[in-house]
Structure formats: C-alpha cells, structure tokens
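Every read-out reported here was derived from the displayed coordinates using simple, explicitly stated rules and does not represent laboratory data. All figures in this text were calculated on a predicted structure; none of them were measured in a lab. When we count neighbours, we look across all protein chains shown, and the Cβ atoms used for this are built from the backbone with ideal geometry, even at glycine.
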Amino acid sequence: MPTALITGANRGLGQALVRSFATDGWRVHACCRVPDKSLDLRRVAEAADGLVEVHRLDVTDDLQVRGLARSLEGEPLDLLFNNAGIYGPREGFGSQDFEAWAKVLQVNLLAPLRMVENFVDLVAASERKLIANMSSRLGSIAENRGGSSYPYRSSKAALNMATRSLAVDLEPRGIAVVALHPGWVQTDMGGEEAALTIDESVAGLRRVIAGLTIDESGRFFDYSGAELPW
Ligand code: NDP
C-alpha cells in the first residue's frame, strides 16, 4: 500500500489531498498544527477506515519534525508532500514588514527543506520515491509582471531553487523532486473569487503526481501538467 505524508492537512488543499489519496487506498500521514481543533480532518480520518493517521506538526518546529520522523522510522514514504504555506503581508514596495517576511521564509522555504532532510531516508526506502513541494506561479521569476508580494514571491522562488538542488542531490538515490503550482484555488489563501475549486485542483495535482518519474525531477508543473518557467 503506497504511503504519503502531507503537511498543512487540516484545511484547504492539504485536507482535500488527504481525502483524495485515502479514497484511492493510500495510507496517509496527515500533519497539522493543532489536531484537537482540526475537526474536519478528524472526520476525514474517521471515514477512512484507519488509512489516515493525524499527527501534530508545526513545520517550523525542529523538535516536532525530528520527533515525527523518528516515530515513523521503518515506514517507507512513497510521497512527501510539502503543502503547508502562508502568504504573509501583501504590502507593496516601501512598507515591508521584515519580521513577517522572515516568518514567511521560515514556513515556505526553510520548513520544506527541514522536512526533506528529516524524511529523506523514508522516501528513499519506498517504491515511488517522490517529493512534491507546493510552490506557486507567483514564485516564477520569468512570469513576474505584477510586482509586489515580496515575501510570498521570494519564498516560492527560493523554494523552486531549493527544489532544483534537491533534484540534483537526490537523483543518485532515485528520488524525484518537483515543484507544483495548484492553480488559483478557492481556499482561505486563494479567496472565493479564485478560478478553481479545491476538487478541480486536487484532481489535476493527482494526475500530475501519478505520472511523475525520475525523468520529471527538478521541474515545475502546474495542476494541468503544463510545465512552468522558473
Ligand atoms: P490555506 O491557507 O487554506 O491552508 C494553509 C495550510 O498551511 C493550513 O493547513 C495551515 O495550517 C498550514 N500551515 C501554515 N503554517 C504552518 C506551519 N507553521 N506548520 C504547519 N502547517 C502550517 O492554503 P491553501 O490550501 O490554499 O495552500 C496550500 C499550499 O498551496 C500553500 O503552500 C500555498 O502557498 C499553495 N498555493 C495555493 C494557491 C491558492 O490559490 N490557494 C495558489 C498557489 C499556491 P493552520 O490552519 O494551522 O494555519
């Protein structure tokens, strides 16, 4: 039975990914900051006949990340999905909140790397050997014509670069690492006017993930499978 670990699983895309993988018979480690308050996720887990295990995980907390990795030792992880993310302040040039910017980098850039460093052996021991980093089109340098959103854009652009380095460094172990853009999606982050429903985005992401091999490693895809420029 394939196994996935998904961060930021209590709401939005993360929660829908958990439901989707579990529906298809995957075992899922669903990670969220406050399991006791994540009632929807607990309902998903209850309906999944033991396939979904909920874990407490703030991805910026080194001790929690190490502890979870230790507790899963010996369990191969076919897919590590670094989904958790924050947008941060939207102020334009001239009014940056640098502390808030640093927080965005902690969650969107450093945390995925911390997750990979801690879970890489479990991924290497699996059959599928996939790592997906949830990026964003807003992190594409080539496509930036809108400016602004300095914290979010820079965090996802840097995550893209880290994804590429990981792909190079982990290739000898047979691990594929990709950056994914889910589309503009109706979540708390995307807002109600977003173009895609969560289910449309997740269905697309699942198709893309299903087709990934080591040949796609180090690339940046959107939910439709189209390759995006860095
Ligand atoms: P939401 O805001 O709906 O959900 C974000 C999730 O990340 C929540 O589960 C949140 O948990 C979790 N999270 C935030 N900080 C931490 C942390 N320190 N530790 C653990 N979990 C944390 O966002 P989406 O579902 O829309 O976004 C998911 C991913 O997709 C993000 O990486 C985002 O950047 C990306 N994305 C989304 C787009 C969209 O249009 N929606 C477009 C492009 C990319 P909590 O409830 O505890 O805050």
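Data table
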quantity	calculated
Within region 140-166, backbone nitrogen closer than 15 Å to the virtual label 7 Å beyond the Cα of Glu117 toward Cβ	162-163, 166
GNM flexibility winner over the chain from Lys37, Lys103, Lys129 (Cα, springs under 10 Å)	Lys37
Among Leu170, Leu13, Leu205: highest mean-square fluctuation, GNM of the chain, C-alpha pairs under 10 Å	Leu170
More than 23 angstrom apart: percent of Cα pairs within region 3-222	44
Mean separation of Cα contacts under 8 Å, 6 or more apart, over the residue count of the chain: relative contact order %	17
Within the chain, helix-based [θ] at 222 nm, where runs of 4 or more DSSP H residues each add -39,500 (n - 2.57), nearest 500	-11500 deg cm²/dmol
Among Gly74, Tyr87, Ala125 the positive-end extreme of the charge dipole of region 34-129 (Cβ point charges)	Tyr87
The chain, dipole about Cα centre (Lys/Arg Cβ +1, Asp/Glu Cβ -1), debye to the nearest 20	180
Selected from Arg128, Arg145, Arg137 as most flexible by GNM, with the chain as the system and alpha-carbon contacts under 10 Å	Arg145
Whichever lysines have a C-alpha closer than 27 Å to that of Lys129, once near sequence neighbours (fewer than 8 apart) are set aside	Lys156
Rounded if a/c under 1.5, otherwise prolate or oblate - region 43-120, Cα gyration tensor axes	prolate
